[in-house]
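Take a look at the structure set out below.
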Amino acid sequence: MQEYVKRVWDSCIGADLKEGFDAFGYPIKFNEYGLKSKHGWTIDHTWPLSPNGIDYANGSESMQNLQVLSTKANNKKGNQVTGKINNIVFAVTKASIDKNKNNIGRMKIQKNNKWYWAYNDWKK
């Protein structure tokens, strides 16, 4: 499990970094994975497995559909595909379909009336 967690962290935050920020600007620390703490974080499905509470699998377990989110942001996002967290509007979009024909989502963040992909450094 630790190898999987590190692989997702490295992909989203960076291999040599032990702390960073999630897409909503919340600070997170690698060693606080799974904790409900100030810097706690979890692995989130960008495109939820059951979007908007509909009881069917629509997301994917592929790395392309995984991101790190603070525990706080993940609890607020839940299985919604649009919303607002930390005064930032987000929208999950269907980007492609993986080899198992599951949707792979990507999340966009709205800042200053412009949309940015969540993995970009939109704070600069």
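No lab work stands behind these numbers, since they all come straight from the coordinates. This is a predicted model, so every value here is computed, not measured. Here Cβ is always computed from backbone atoms with ideal geometry, including for glycine, and neighbour counts include all displayed protein chains.
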Q | Charge dipole (debye, nearest 20) of the chain; +1 at Cβ of Lys and Arg, -1 at Cβ of Asp and Glu | A | 460 debye
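For the range 24-106, which trypsin sites (Lys or Arg not before Pro) are both in a DSSP coil and crowded by at most 14 other Cβ atoms within 10 Å?
Working: sites: LYS29, LYS36, LYS38, LYS72, LYS76, LYS77, LYS84, LYS94, LYS99, LYS101, ARG106; in loops: LYS36, LYS38, LYS99, LYS101.
Sites meeting the loop and neighbour criteria: LYS36, LYS38, LYS99, LYS101.
Would you work out the Kirkwood radius for the range 1-44? I mean one over the mean of 1/r across all pairs of different Cα atoms, in Å. The partial results should precede the final answer.
Values: mean 1/r = 0.0965 Å⁻¹.
10.4 Å is the Kirkwood radius here.
Listed here are the pairs LYS18/LYS101; LYS36/LYS84; LYS38/LYS99; LYS77/LYS114; LYS36/LYS101; which of them are more than 32 Å apart at the Cα?
Numbers: LYS18/LYS101 34 Å; LYS36/LYS84 20 Å; LYS38/LYS99 37 Å; LYS77/LYS114 20 Å; LYS36/LYS101 34 Å.
Table pairs above 32 Å Cα-Cα are LYS18/LYS101; LYS38/LYS99; LYS36/LYS101.
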Q: Set the Förster distance to 30 Å, then compute FRET efficiency between LYS29 and TYR116 from the Cβ-Cβ distance, nearest 0.05.
A: 0.80
Q: Name all residues of the range 28-51 having a backbone nitrogen under 20 Å from the label point set 7 Å from the Cα of LYS18 along its Cα→Cβ direction, giving them as ranges.
A: 28-42
Q) Taking all pairs of different Cα atoms in the range 2-117, averaging 1/r and flipping that mean, what Kirkwood radius in angstroms comes out? A) 14.4 Å
Q | Computed [θ] at 222 nm, helices only, for the chain once each DSSP H run of length n ≥ 4 contributes -39500 (n - 2.57) | A | -4000 deg cm²/dmol
Q.
If I model a spin label as a point 7 Å beyond the Cα along the Cα-Cβ vector, how far apart are those points for THR93 and MET63 in nm?
A. 2.3 nm
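Determine the percent antiparallel among the DSSP beta bridges restricted to the range 2-117, to the nearest 5.
On the way: 24 of 25 bridges.
Approximately 95 percent, going by the DSSP bridge assignments.
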Q) Which whole-Hz couplings ³J(HN,Hα) result when phi for each residue of the range 12-27 is put into the Karplus expression 6.51 cos²θ - 1.76 cosθ + 1.60, θ = phi - 60°, listed in order with x for Gly and Pro? A) 9, 10, x, 5, 9, 9, 9, 8, x, 10, 7, 4, 9, x, 6, x
